[in-house]
Structures are given as structure tokens and as C-alpha cells.
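Have a look at the structure below before the remarks.
The values are calculated or read from the model by the stated rules, or taken from the named source; none is laboratory data. A quick note: this is a predicted structure, and the numbers were derived from the prediction, not measured. Please note: Cβ atoms are built from the backbone with ideal geometry, for glycine as well, and neighbour counts cover all protein chains shown.
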Ligand code: FAD
Ligand code: NAD
């Protein structure tokens, strides 16, 4: 029996019941939430119709199961009977049907490759494809696609050497502009994993080390020449005959999106209140991890909830809003701060809220399509945030005010329901007093009668009132983040007001 109280879910008026366009969530029938799905998978019901047998599936056989009432989908060579899952799919039945009877790997990767389908759909597994699926197998060096040099020429390489007390793995990236955000290193239980991001590709060194090493790992990056050193301290001063046994994806250079997400366990070290329902979680990375989440990118948290691995994205923030913008905020590299709203009937946030100090949670590598270069030469930056859609704006604001020398104005237009919901209001107001380039405007959708400020939801008239460039021909970027309907409407209003696609960045999953 699951220890989860049944509840009306999704809650009336909640996001899961609100219709949204695009590939956004669709309203689910009552009793069709993720928690309900988890309950069904634990009920012992035969969800494949094969009474627990696993079979080999030919392409012809797969193609036959292409109807709503009989739908099989192949993901990375494994075939799932998703018929029982139809009504539970947050993206709706029609989205799922796009892959009915086919290899849905590419479609799945485009939309939500971070979703842990192996765990979610384990009871729906029919078997393996008899023939290799069409999608590119992981670990292959990609074909050259319009690149000047072949990908092979650009492929990083590695070497290693040792002293009595240390092992140094050297990675030659063949790239000039390496930095700490492009190097992700983990070393757990004798397993070394070093991932280097080169444009939209990822190079991986992954080995089972020959001998044990100490917990702390040092990473040196020679930015100009693109050389990276991973320095491990030997546990015993023995001579190593080899670095270790290569693992499956070792020494591969593939598209980033084809690399599976890697998780490491992080310790919750503090949890502080930001507002009545939002908390700042401080997670400590293991000593053996080197990970800096780039501005505008998010990570995934993974937690086992009632036997199913549930994954949700969160955007790291800073511990506070720095008020002195003379120097970039120096990141200690050891902690990740997440500002998370706890929903009273939220599956994941309730589980997060129940974490105790000292508990561990899995944190993924960063992802996201925002690039700092979008901001580097800006003159006017507008940030349209709603609720926790504020989170990607925190590092962005800090980066823009600190490192963008031509910046004239940064304006945050912050949409919330009530005054009590405004995140870091004091800090934002102090910053506006301190830095004349920065301005903040709060707009409430459900204010009390005492509120004398602006009210309403995102609209064309509000945007034309507040998004005004400082000079004709100013280089401008408008970033937007919040609930999906907010973001979609905002983008449309901005386009209607004449802003181009390049001048708008919408943060989405
Ligand atoms: P669910 O179980 O999915 O939903 C349960 C109930 O919670 C709903 O029925 C509803 O009552 C309520 N609920 C959930 N979402 C909303 C909503 N948007 N509006 C109103 N009610 C809602 N969240 C953060 O708090 N901080 C972040 O930094 C953050 N970063 C994100 C980054 C990305 C790229 C994306 C796509 C989302 C981000 N989110 C962030 C949202 C987060 O991933 C979860 O969706 C959120 O925490 C709710 O998860 P849950 O499982 O608790 O809720
Ligand atoms: P909320 O429910 O408290 O709403 C905040 C404000 O958003 C409202 O006052 C209103 O102005 C606006 N809003 C809400 N629903 C709207 C709608 N249907 N149409 C137009 N405007 C609407 O918001 P919340 O609970 O804090 O949710 C924040 C959202 O931001 C979540 O959906 C979360 O997934 C998303 N988010 C996304 C990212 C990302 O990077 N993609 C990062 C953080 C948060």
C-alpha cells in the first residue's frame, strides 16, 4: 500500500487543469495525476497485456500498435505499451499519438529527454526492438554537418600521468575559450567522469579508476589554450599501471542532447523562508564534484517518490542579490541555491519540503539554451518575471550589472498575485536605490485594497507602458519567464509591439 493520501488532483484551478497552447500541459481528468499513475503502476495490474512476458518486437509488429486504444512506442530500442498511460500524459494524448507505432526517441528527446521514462514506464515495457531503431545510438562520433573541419579533427583527446601521490588527467579540448562552466567533473567510488562542453557537443572521459583516490578533486583550466587538468590524490602511494577500465561512453564526442543526464547526490545544508510559500534551499555539492551552473540554465532534481523516480527542473539563484556591482559575485563552487515554491498539493515540492537538513537529493548537470553572449553587448535589458519565473533573472541581473559595460538600463517587471508573494522585494528595492541603471516594477493580479501600485496581468498595454528602450536603435533583449500561458502571451504581445525574435528570450523547459 502506498502511504499517499488520495486527494482531488490536480487541484481545481491548478496549472494542470489550465489549458495552454503549444506542447504545454493540457487539462487532465480528475484522478489522472502523476501520483495516480504511480499508484496504478504499483497496483499489480497487467499494463502491457503480456502477463509479465518480455518479447522481441519487429518494426512491423510495432507499426501495428498505432491506435489510442492500442499504442506502442519505441524509445532507445525499448518498446513500451503506453495505452494505459494515455490519459496521464501531461502533454496530452495527441502528443503521445505522434509517436504511436514508431521509434519516438527523437520526438521524446526534443520535448522532454530529462523525464525518467525508464522508471515512469517500467510496468509498460513490452520488450526490445528486434532490429536496431533508427535513432543514433549513444556514444557515436557524429557525422560532420556543415562544419569546416571534420568533427574528428575537433574531437578533444586526453592523456594522464602520475607522481607518487597524484594522478593528473589532461584533456586537450582544441578550443580557445574554455571556462569553469564548461567543465563538469565527478569522482565517486573510484569512478571518474569528466565532461567537457564544446559548443553543442560533449566530450567524456569516464573510467573505473585503477586504484582508490581521495575525496577532493582539483580542476585547473588553462582558458587560453583549452587544456584542462583533473588532479586526483592517490589514497595509497602505489604505482598505477593504467588509469583504469574505460566505461561505455568513455572518450566519446557526441551532441550534448544525446548524452544522458548525470546526477550526483547533494546534501541539503540549509532551508530558509523567502515568503509564506517559497524557500531557499542550499545544497552542498560533493567535494569530488566540479560544477558551475551557467547563468540562465537549470538543473534537474531527482527523487524517488513512492518507488518511482520523479524529476523536476529548477533554476539556481544566488544566495542573495549582491548590491555592489563592482566585481562579479564570486561563486564558491561548493553550493547550489534553489528558490522553490512549495505547492500544497505539489507532488515534488511537498517531498522537497519534507527533506531534513543533512538529507541528500540528486542534482543533474545543467541544461538550457540561454547564452551569455545574448547579453554581452546589450544597452537595454528588460526582465519580465511571474512568480518563481524570477529565478532565471537573478544571475542574469547580476551578470548584466557587473559585466556588461555598455548597459544603460535593466528593468524588472515582476508579476505576482499578492504583495506577500513578491520574492526578495526588499533586496530588489535596495538595489534600485543603489544602482541607477536598475528599476523594478511590481504588478499584482490579486492585490488587497491597500495596494497602490500597478495591478493586472500581462497585457499589451502594460508592456507598451513599461518596455521602452532608452534610445532609438538601442540594442535590447527582453527575457520572459513564468507560467506557460504568461510566457506565451508575453512573447506574442512583444512581437505585436514590433520586437523581433532575436530581441526576445523565453525561458522554458
Ligand atoms: P505538480 O505536482 O506538478 O503540481 C501539483 C500542483 O501544484 C498543481 O496541481 C498546482 O496546484 C500546483 N502548481 C504546480 N505548478 C503550478 C504553477 N505554475 N502555478 C500554479 N500552481 C501550480 N519552480 C520553482 O519553484 N523554482 C524554480 O527555480 C523553478 N525552475 C524551473 C525551471 C524550469 C526550466 C521549469 C520548466 C520549471 C521550473 N520550476 C521552478 C517549476 C518546477 O519544475 C515544478 O514544476 C514545480 O516545483 C511544481 O512541482 P510539483 O511536483 O510540486 O507540482
Ligand atoms: P503564480 O501562480 O504565483 O502566478 C504569478 C503571476 O503569473 C500571476 O500574478 C499572474 O500575473 C501571472 N500568471 C499566472 N497565471 C497566468 C495565466 N494563466 N495567464 C497570464 N498570466 C498568468 O506563479 P507561480 O506559482 O510562482 O509559477 C511560476 C511558474 O514559472 C511555474 O509555472 C514554473 O514552472 C515557471 N518557471 C519556469 C522557469 C523556466 O526556466 N522555464 C523557471 C522558474 C519558474
(message) Anything in the stretch 93-117 that is in contact (Cβ under 8 Å) with a residue 40 or more places away in the chain and either within 22 Å of the chain's Cα centre (by Cα) or under 27 Å from residue 366 (Cβ atoms) (or both)? List them, or say none.
(response) 95, 109, 111, 112, 113, 114, 115, 116, 117
(message) Taking the condition of being within 26 Å of residue 110 (Cβ to Cβ) and either within 16 Å of ligand 1 (Cβ to nearest atom) or in contact with a strand residue (DSSP E or B) (Cβ under 7 Å, 6 or more places away or on another chain) (or both), how many residues in the stretch 470-498 meet it?
(response) 16
(request) Scan the stretch 205-220 for residues that are touching a residue at least 40 places away in the same chain (Cβ under 8 Å) and under 15 Å from residue 289 (Cα atoms) and jot them down. (result) 205, 206, 213, 215, 216, 217, 219
(request) Give the stretch 49-68 a look and list any residue that's modelled with pLDDT under 90, under 23 Å from residue 95 (Cβ atoms) and touching a strand residue (DSSP E or B) at 6+ places or on another chain (Cβ under 6 Å), or say none. (result) 57
(request) Spot the failing condition for residue 471; the list is (1) touching a residue at least 60 places away in the same chain (Cβ under 8 Å); (2) near ligand 2 (Cβ under 10 Å from one of its atoms), and only one is missed. (result) (2)
(message) Based on this model, can you work out whether residue 371 counts as within 16 Å of ligand 2 (Cβ to nearest atom) and either more than 17 Å from residue 297 (Cα to Cα) or crowded, with 20+ Cβ neighbours inside 10 Å (or both)?
(response) no
(request) Collect the residues in the stretch 259-285 that are over 21 Å from residue 351 (Cβ atoms) and surrounded by fewer than 19 Cβ atoms within 10 Å (Cβ to Cβ), keeping them in residue-number order. (result) 260, 262
(request) Give the residue that is farthest from residue 453 (Cα to Cα), with candidates limited to residues of the stretch 404-428 that are part of a helix (DSSP H, G or I) and touching a strand residue (DSSP E or B) at 6+ places or on another chain (Cβ under 7 Å). (result) 428
(message) I need every pair where a residue in the stretch 277-300 that is without any contact (Cβ under 8 Å) to a residue 40 or more places away in the chain and on the phi > 0 side of the Ramachandran plot has its Cβ under 8 Å from the Cβ of a residue that is surrounded by fewer than 19 Cβ atoms within 10 Å (Cβ to Cβ) and in a strand (DSSP E or B), sequence separation at least 6 or different chains.
(response) none
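Table: residues versus (1) exposed (fewer than 13 other Cβ atoms within 10 Å of the Cβ); (2) over 19 Å from residue 215 (Cβ atoms); (3) in contact with a strand residue (DSSP E or B) (Cβ under 6 Å, 6 or more places away or on another chain).
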{"residue": "238", "(1), (2), (3)": "yes, no, no"}
{"residue": "242", "(1), (2), (3)": "yes, yes, no"}
{"residue": "298", "(1), (2), (3)": "no, yes, yes"}
{"residue": "314", "(1), (2), (3)": "no, yes, yes"}
{"residue": "319", "(1), (2), (3)": "no, yes, yes"}
{"residue": "341", "(1), (2), (3)": "no, yes, yes"}
(request) Determine which single condition residue 451 fails, assuming it passes every other condition in (1) touching a helix residue (DSSP H, G or I) at 6+ places or on another chain (Cβ under 7 Å); (2) within 16 Å of ligand 2 (Cβ to nearest atom); (3) closer than 25 Å to residue 398 by Cβ. (result) (3)
(request) Looking only at the stretch 269-292, count how many residues are part of a loop (DSSP other than H, G, I, E, B), within 12 Å of ligand 2 (Cβ to nearest atom) and in contact with a strand residue (DSSP E or B) (Cβ under 8 Å, 6 or more places away or on another chain). (result) 2
(message) Going residue by residue through the stretch 265-272, is there one that turns out to be more than 18 Å from residue 340 (Cα to Cα) and modelled with pLDDT of 95 or more?
(response) yes
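Within the stretch 356-368, is even one residue within 11 Å of ligand 2 (Cβ to nearest atom), surrounded by fewer than 21 Cβ atoms within 10 Å (Cβ to Cβ) and touching a residue at least 40 places away in the same chain (Cβ under 8 Å)? Break it down stepwise before answering.
So the first thing to find is which residues in the stretch 356-368 are within 11 Å of ligand 2 (Cβ to nearest atom), and the list is 367-368.
Then keep just the ones that are surrounded by fewer than 21 Cβ atoms within 10 Å (Cβ to Cβ); that gives 367-368.
Those left that are additionally touching a residue at least 40 places away in the same chain (Cβ under 8 Å): 367-368.
Yes, there is a match, as at least one residue in the stretch 356-368 is within 11 Å of ligand 2 (Cβ to nearest atom), surrounded by fewer than 21 Cβ atoms within 10 Å (Cβ to Cβ) and touching a residue at least 40 places away in the same chain (Cβ under 8 Å).
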